[in-house]
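Every number here is computed from the coordinates shown, using simple stated rules; none is lab data. Keep in mind it's a predicted model, so treat the numbers as computed, not measured. Here the Cβ is made from the backbone with ideal geometry for all residues, glycine too, and neighbour counts use every protein chain on show.
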Amino acid sequence: MVEDERMQVIMGLIMHGGNAKSQAFQAIQLAKVGDFDGAKAAIAQADQSIKAAHDTQTDMLTKEAQGEHAKVDLYMVHAQDHVMNGITFRDLAVEMIAIYQKITDK
């Protein structure tokens, strides 16, 4: 993989991970004011961002299995950190939305 292409992959991972986190945060804010349909839609957007990042990771793993080694440097670690944070934040958001829903239903 040429350096420009590699940096595009890295920036894509950062973008998708950041988008997932932002969309999950938006979902929490919507649930907080009782907009559970909006919260559900924001989680769906976060899921799309996570899927895009996961698809990139799957492609990288496939290439690795085929002998095309991915260079692991601080950029790649940073990108993977963004993806992991996006996934974690999304999972926490789902739990917080459920709590807000439960409080609202009482």
- Message: Among the residues of the stretch 79-89, are any under 21 Å from VAL2 (Cα atoms) and either in a helix (DSSP H, G or I) or in contact with a Ser or Thr (Cβ under 6 Å, 6 or more places away or on another chain) (or both)?
- Response: yes
- Quick one: in the stretch 20-68, which of the residues that are loosely packed, with under 14 Cβ neighbours inside 10 Å and among the hydrophobic types (A, V, I, L, M, F, W, C) is farthest from THR88 (Cα to Cα)? ALA65
- Task: Identify, by number, the condition in (1) closer than 30 Å to ILE97 by Cα; (2) among the aliphatic types (A, V, I, L, M); (3) without any contact (Cβ under 8 Å) to a residue 40 or more places away in the chain that VAL2 doesn't meet.
- Result: (1)
- Task: Report the residue count in the stretch 15-34 for those that are over 13 Å from GLY86 (Cα atoms) and in contact with a Ser or Thr (Cβ under 9 Å, 6 or more places away or on another chain).
- Result: 2
- Task: Output the residues belonging to the stretch 69-97 that are in contact with a Lys or Arg (Cβ under 8 Å, 6 or more places away or on another chain), among the charged types (D, E, K, R) and surrounded by 13 or more Cβ atoms within 10 Å (Cβ to Cβ).
- Result: ARG90
